[in-house]
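All of the numbers you see were taken from the coordinates with simple rules; none came from a lab. On a predicted model such as this, the values are computed, not experimentally measured, just so you know. Here the Cβ positions follow ideal geometry from the backbone for every residue, glycine too, while neighbour counts run over all protein chains shown.
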Protein chains: 2
Amino acid sequence: MTNKLNLNNLTKSEEDYLKALFQLLIEGGSAKVGNNQLADYLKVSPASTNNMIKKLKAKEYVVSEKYGKLELTEEGKSIAVRLIRKHRLWETFLCNYLNFGWDEVHDVAEQLEHIKSQKLINELDRFMDFPTKDPHGEVIPNAAGEYFILPKTTLSSLEEGAICQLISVNDASVTFLKYVSEIGLALSSEIKVLEVREFDGSIKIQFNNTEETVTRKFGDNVFVKVI
Amino acid sequence: MTNKLNLNNLTKSEEDYLKALFQLLIEGGSAKVGNNQLADYLKVSPASTNNMIKKLKAKEYVVSEKYGKLELTEEGKSIAVRLIRKHRLWETFLCNYLNFGWDEVHDVAEQLEHIKSQKLINELDRFMDFPTKDPHGEVIPNAAGEYFILPKTTLSSLEEGAICQLISVNDASVTFLKYVSEIGLALSSEIKVLEVREFDGSIKIQFNNTEETVTRKFGDNVFVKVI
DNA sequence: TTAATTTGTTAGTCATAGCTAACTTTTTTA
DNA sequence: TAAAAAAGTTAGCTATGACTAACAAATTAA
Ligand SMILES: [Mn+2]
Ligand SMILES: [Mn+2]
Ligand SMILES: [Mn+2]
Ligand SMILES: [Mn+2]
C-alpha cells in the first residue's frame, strides 16, 4: 500500500486551505507562514484556520509544531498543485473559448477547480492543446504536476530606469485587472520605469508610447522580468 | 420589488431537492409526490427530506400541507429547469468535445450543474451552437427555460408487434448505458417488439438485423416513440 | 370499522466549517 | 528584562444537512 493520494476524499475547504498555503509558501516564496497570515489570506478568522490546520495535520498534508510555522508535506503540495492546474486550465478555457475577459474568470474558476474528475481536466487540457500559461501569465502545471515556478519580481520593486517585460498579473481583483487593460497594459508589454517617487511609492512608467503614473499597490500586483 | 429569482442564494442541496421534485412531478409525470418518495429518489432518509422541504416552503419554492403531497411553485420549477439545462449542456459538452462516453457524463454533470455563472452556461450553449438534445436524447431547455417535455413511453409498455424508435434513455446508471451500447442500440434505433413474455415481463426485440431478449427493468429505462 | 401498514413528522445526534470571546504563548519594544 | 503587542489556541456558539429512533396521521386491508 503505497502513497495513496486520496484526491477525492478532500472537501472544498480542505482543498482551498492547501492551495492557499502553497501559494503563500511556494509560489509566494514566503519563508515562513503562520496561522494568522493564512487566516488573513483566506479572509477567515484565525480560529477557523487553526481548526482546519488540525485536520490537515491529522491527514498528514500539513506539518507544524504548536505555536510554530506551517509547512506542507509532499502530498499536501501535490494536492495544491493539482488544484492550481485545474484553476488555470479552466481560466484558460473560459478566456479562449467562452468569451470571458481576464477579469471575469477567477471567481468561476474558483468553483470549477473543485470539480472531481481526472478525466475532465486532462481532456480539457488536450482539447486546448496543452496550454502552458493562463490568461494572467501564470504557468500551468502539466498532468504530472510539474511546472516551473518563476520567482515573482514585482514592478514596484524596480529602480528608476529599469526596463522590463510584463510576465503575469495577480488575478484575484476584478477592478485591478480592468484597470490594467484600460491603461493599455497586457502580457508581454515592455515597461520602462521613469520615476519612483519616495513620498508615496508611486511609479511613473512608460509603455506603448504612453506614460502613466501608478501606485505602489498597483505595482505590487504586476510581475515582471527585467531585461 | 418583483419576482426576484435569487438563483445564487441556493445551496447545492436545495438545488438538488428542487430538481428531484421537478423530475418526479413534471418530467416523470407523477400526479402526486410525497415526502418518502422524494427521500427514496434522492437516497436520503425521510427525515432529511422533511427537513429540507420545510426550508424550501419557507423560501416559497415548494407548497404543501402538513401530511399532504408536494408541489413546486413557479419559482421552484424555474430553478429546477435551469439546473436541468446546465446538467444537459454539460453532458453534451463532455460527450461532444471531451471524449466522454454517454455512460461517463452523468456523475460529472451532477457536479458541474451547481457552478454558479449565468455567463458560463450561456456561452457554453453558444460555443456548442445551441444543441437541443443531450447525449441520452433528453431535450435541453433554452436560455429562457423553455423546452418541450415529451411524455415518456417506455419500451416495456409496448404490446407485441409494436414498432418504435428509441428517443431517450435513463442516464443515471453506468452499467445500463454500457449494456445499451454493447448490444448495439443507440438513439434513433428502430425497434420491433417481437414478444412480451408474461411470466417475467421480459421482451424479445429486433433492431439492426439483431434479436435480443431484455428484461422488463431494461425496458423501463428505454424511452420510445411508437411509429 | 377496527387493525395493520404505510407515510409523514419530530426530537435529538453527528460532522463540517464558519464565528466571537477569552486565554496563552511568543515576539517585539521600551 | 519587564511590559506591550502580536500570534496562536481553546471553548463555546451557529448553520447546514445528513442520520436514527420514536411517534403521529393517513391509508389500506381484514
Ligand atoms: Mn485565478
Ligand atoms: Mn490566473
Ligand atoms: Mn444526467
Ligand atoms: Mn442526460
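For region B:148-157, backbone phi angles converted through the Karplus equation (6.51, -1.76, 1.60; θ = phi - 60°) give residue-by-residue couplings of 8, 8, 7, x, 8, 9, 8, 4, 6, 8 Hz, Gly and Pro being listed as x. Here the Karplus curve 6.51 cos²θ - 1.76 cosθ + 1.60, taken at θ = phi - 60°, turns the phi angles of region A:200-207 into couplings of 10, x, 6, 10, 9, 10, 10, 7 Hz, with x standing for Gly and Pro. Database remark: amide H of A:I140 closer than 5 angstrom to the amide H of A:K133, A:D134 (H placed geometrically; neighbours at sequence offset of 5 or more, or on other chains; Pro and chain starts carry no H).
The alpha carbon gyration tensor of chain A gives principal lengths a ≥ b ≥ c with a/c of 1.5 or higher and a/b no greater than b/c, which makes the shape oblate. If you average the sequence gap of Cα pairs under 8 Å that are 6 or more apart and divide by the length of chain A, what percent do you get for the contact order? Here the relative contact order equals 15 percent.
In this rough spin-label picture, where each label sits 7 Å from Cα along the Cβ direction, the A:K43-A:T210 distance is 2.8 nm. With its label point defined 7 Å out from Cα along the Cα-to-Cβ axis, B:K43 lies at 3.5 nm from the matching points of the other copies, in increasing order.
In this structure, the amide hydrogen of B:T153, modeled 1.01 Å from its nitrogen in the peptide plane, lies closer than 5 angstrom to those of B:V224, counting only residues at least 5 positions away or on a different chain. On the basis of the beta-carbon distance and an R0 of 45 Å, A:T11 and B:E160 show a calculated FRET efficiency of 0.25. In region A:46-160, the inverse of the mean reciprocal separation of distinct Cα atoms equals 16.1 Å; this is its Kirkwood hydrodynamic radius. What shape does region B:7-76 take by its C-alpha gyration tensor, where a ≥ b ≥ c are the square roots of the eigenvalues and a/c under 1.5 counts as rounded, a/b above b/c as prolate, and the rest as oblate? In terms of gyration-tensor shape, rounded.
Helix-derived [θ] at 222 nm for the protein assembly as shown: sum -39500 (n - 2.57) over DSSP H runs of at least 4, divide by residue count, nearest 500? The helix contribution divided over the protein assembly as shown gives -11500 deg cm²/dmol. Amide H to amide H, with H built 1.01 Å from N, A:I191 comes under 5 Å of A:C164, A:Q165, A:L166, counting only residues 5 or more places away or on other chains. On a straight-distance basis, which lysines could pair with A:K192 in a cross-link, Cα separation under 16 angstrom, same-chain partners fewer than 8 positions away excluded? Within the straight-line cut-off, A:K192 pairs with A:K204, A:K225. Coupling constants for region A:79-91 follow from the phi torsions by the Karplus curve (6.51 cos²θ - 1.76 cosθ + 1.60, θ = phi - 60°), and in residue order they are 5, 4, 5, 4, 5, 5, 4, 4, 4, 6, 5, 5, 4 Hz; glycine and proline get x. Maximal additional length on extending the B:I26-B:E182 stretch stands at 53.1 nm, based on 0.36 nm per residue less the C-alpha distance. Inter-copy label distances at B:G161, using a point 7 Å along Cα-to-Cβ, come to 10.0 nm with the shortest given first.
Straight-distance candidates among the aspartates and glutamates for linking to B:K178, with alpha-carbon spacing under 12 Å and chain neighbours fewer than 8 residues away dropped: B:D103, B:E104.
Partner aspartates and glutamates whose Cα lies under 20 Å from the Cα of B:K54, excluding those fewer than 8 positions away in the same chain, are identified as B:E14, B:E15, B:D16, B:D40, B:E65, B:E71, B:E74, B:E75. Counting from the shortest, the label point at B:T73, 7 Å from Cα toward Cβ, is 4.9 nm from the same position in each remaining copy.
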